[in-house]
Amino acid sequence: MAVTDLPAQPNTQSVMQAAAAGEFSAMYQREYPYVGKVLIRLGVRAADREDLAHDVFVVAFRSWSKFDSSRPVRPWLFGIAFRVLRDRNSKHQNRFEQPVAEVDAVDGRRAEEIASQREALQQVERALGALELERRAVLVMHDIDETPMPQIAESLGLPLNTAYSRLRLARRDFNEAVARLQREC
């Protein structure tokens, strides 16, 4: 094709798609670790995390053109991760585990302190694991990720009052689970 055969105007749709793909790629690189943490917090087995993270970003890519870039991306990704997980959970029962985060020794902390911290973290993770997924998602988004309730409701497709109710119930259930675990020790 000769230079004179090129169209006078570039294909606007191709340019827009390339720009959107570049923006998505940058967001993917930046937010992949966050999605991994979300999946851990929601109790996804280590063997399933990579596949689920991939599924989350496939759904996100398909919806990228509808995403309002003036809004924070993390609640949007959390909502997608939650729905992907909920859909997979309904198809595959018993595919979740109690994640155990690793605690590294920093600044020469004694082994006792590390063991105590690891035990406390495991207890929190077991208590979170006792919650229903819908309640756990709201609790994690609000109390760990510090996402405002209106964004949580929007991300999870819930009425705002339902989101507040799930948070209240999740906190109650979490406290009961912690108390039960402490009695067992």
Note the full-extension length gain between Lys66 and His54 as 0.36 nm times their separation in residues minus their Cα-Cα distance, in nm to one decimal. 2.4 nm
Tyr34-Glu119 FRET efficiency (beta carbon distance; Förster radius 22 Å; 0.05 resolution): 0.25
D_trans [Stokes-Einstein, Kirkwood Rh over alpha-carbon pairs] for segment 124-181, 37 °C, 0.692 mPa s, µm² s⁻¹: 294
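Computed from the coordinates by the stated procedures, all read-outs in this text should not be read as laboratory data. Treat the numbers as computed from the prediction; the structure is a model and nothing was measured. All Cβ positions, even for glycine, are placed from backbone atoms using ideal geometry, and neighbour counts span all protein chains on display.
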